[in-house]
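Have a look at the structure below, then the notes.
Just so you know, all these numbers are worked out from the coordinates, no wet-lab data involved. Treat the numbers as computed from the prediction; the structure is a model and nothing was measured. Note that we place each Cβ from the backbone using ideal geometry, even for glycine, and neighbour counts take in every protein chain shown.
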Amino acid sequence: MLEVRDLHVSYGAIKALKGISFKVEKGKVVTLIGSNGAGKTTTLKAICGLVRVQSGNVFLNGENITNKPTNEIVSKKIAMVPEGRRIFPNLTVYENLLVGAYQRNDKDGIQEDMEWIFSLFPVLKERLNQKGGTLSGGEQQMLAIGRALMSRPDLLMLDEPSLGLAPIIVEQLFEVIQKIHSEGKTILLIEQNAYAALNIADYAYVLETGRIVLQGTGKELLANEEVKRAYLGG
Amino acid sequence: MSDAQASACAFSSGGVLMNLTLFLQHLANGVALGFVFGLVAIGYTLVYGVVKLVNFAHGDIFMMAAFFVYYGIVLFSFPWFLSFLFAIFLTALLGISIEKVAYKPLRNAPRISSLCSAIGMSFLLENFAIVVFGGRQKPFYQPAVLNKTLNVWGVRIQLVTIITIVVSIGALFFLSYLVYKTKMGLAMRALAYDFDTARLMGINVDRTITFTFAVGSSLAAISAIFWALRYPQIWPFMGVFPGWRAFTAAIIGGIGSIKGAMVGGFLIGMISILLVAFLPDLAGYRDAFIFIMLVFVLLFKPTGLFGET
């Protein structure tokens, strides 16, 4: 479904990605783990066209989408939940969800998907007319995921959904991510919380200073000594 | 009671009546002028809300609109209403072009750069107008229909005052519908917070900004027409003070807030008219009063009356 080939990205003189290649196959959960500054967020931004790719390519279902405008890329059934949630605090929960469906015009389908999102996150329905900025961190993350789902994507990319959330909320969140996956969405997950991510991942890549240093199935990496030492605290 | 006393009494009660109708007359003028300032202020506030730029050329866009009407009538012999529409359309195009030329290339530059660019654009338009239109004042066409005076319960109101109020209210309703009920409005409000996230939602940022400038500039054109119908001499610097007052109105109301821009415009329109009417000795200090009001509002509420923190 998604293929990244030899991706290079720089911020000025700083090389953030030094040739990254990976694949996300349809129907799978794939995760990129790595510490701060490894290039995880940059990778997602490059896929979405939010940062400029210097060299290398991004293919979505065989189509080259490298450096296309973001609004064009996201019209190809791909959605991203950005790091730090980035919900619109000045819009209501309902409006935030509507923005997610910005490129759609099928009123009934939008309503249907909204109901589906309420079934995933019932609290959003209770807060429907509240301003996004008044939600708690966990609720904002749910809203950010719901907003991304409103575009009815095939591929959902999540950038550190667990960031700054209490462990119990993180646990709930990962359950919902699995549920979204089980309903047919392909997921590309970026996490610092390697343990939680590897647990639900079909396949995983380890990123270090702009390079992929290790890859394997979630289980393999969970058992890998190096991964254990560097990312799992033991 | 002597005759003299009686007549004095009658005179004074007549005076009160006169003052009341006079007051209502001035009030109507104040409301109309308030709407005019409000519409200009909305132009500042919309653009600031979306791209975080104070468009210092907005007052000069206002001036250009008046000249577009003038040339529509003088050069192309359009009927006046067609000339008004023509001017609104051209002004929207002008606003869009200014954004493309002067602000878009600086979108990722420090904010001070686009601010300087806006001030430069303001000078450019003024000097362009001097060179091309000439520095001398030109008479603005006054359609005879609009200059009729109506008598509403003894209060004499010009038709143009009523039309100003009605059209402005219409424009306001249209604008709130646009901003709060349409997809484009949703995109504008999303953009106001975060460009990149708006892009991720599939919003075409450039197109939304273009649209914002088109709307702001059209409102400037509408108010310029009403302004010129009221003060029918047009010249290259006619936009400077209305521009500053409207900008002040936007700040008083809380920049970024449409409601605030309208309320600020009203306050300033009222002060302008009522001060001249009732304290004519102080009329020369009109702008001083406006800026004193600005100082006080900012002292007690730095974000303006309806501004968000």
query = Modelled label-to-label distance, residue B:21 and residue B:82, 7 Å Cα→beta-carbon offset: nm?
reply = 4.1 nm
task = Only loop residues by DSSP count here, and only those with at most 12 other Cβ atoms within 10 Å; note down the trypsin sites (Lys or Arg not before Pro) in the stretch A:40-92 that meet that.
result = A:52
Coil-residue trypsin sites (Lys or Arg not before Pro) of the stretch A:124-201, DSSP, other Cβ within 10 Å capped at 16 = none
key: Sparse-neighbourhood loop sites, GluC sites (Glu not before Pro) in the stretch A:1-85 - DSSP loop, at most 16 other Cβ within 10 angstrom   = A:25
ask   = Cα centroid distance between the stretch B:215-232 and the stretch B:56-82, in Å?
value = 9 Å
inquiry  = Given the DSSP H assignment, sum -39500 (n - 2.57) over each helix run of at least 4 residues in the protein assembly as shown and divide by its residue total; what's the result at 222 nm in deg cm²/dmol, nearest 500?
reply    = -19000 deg cm²/dmol
key: chain B: DSSP helices with Cα axial extent of at least 18 Å and average Kyte-Doolittle hydropathy no lower than 1.6   = B:80-98, B:159-181, B:258-278, B:286-300
query = Counting only residues 5 or more places away or on other chains, whose amide H sits under 5 Å from the amide H of residue A:28 once H atoms are built in the peptide plane?
reply = A:187
query = Considering amide H positions built from the backbone, and no H for Pro or chain starts, which residues 5 or more places from residue A:91, or on another chain, come under 5 Å of its amide H?
reply = A:132, A:133
note = So the FRET efficiency between residue A:118 and residue A:35, C-beta based with R0 = 51 Å and rounded to 0.05, is 0.90
ask   = Per-residue HN-Hα couplings for the stretch B:141-153, Karplus 6.51 cos²θ - 1.76 cosθ + 1.60 at θ = phi - 60°, whole Hz, x for Gly and Pro?
value = 4, 10, x, 4, 4, 6, 8, 4, 10, 9, 10, 9, 6
For the stretch B:244-289 and the stretch B:111-134, distance of Cα centres in Å = 25 Å
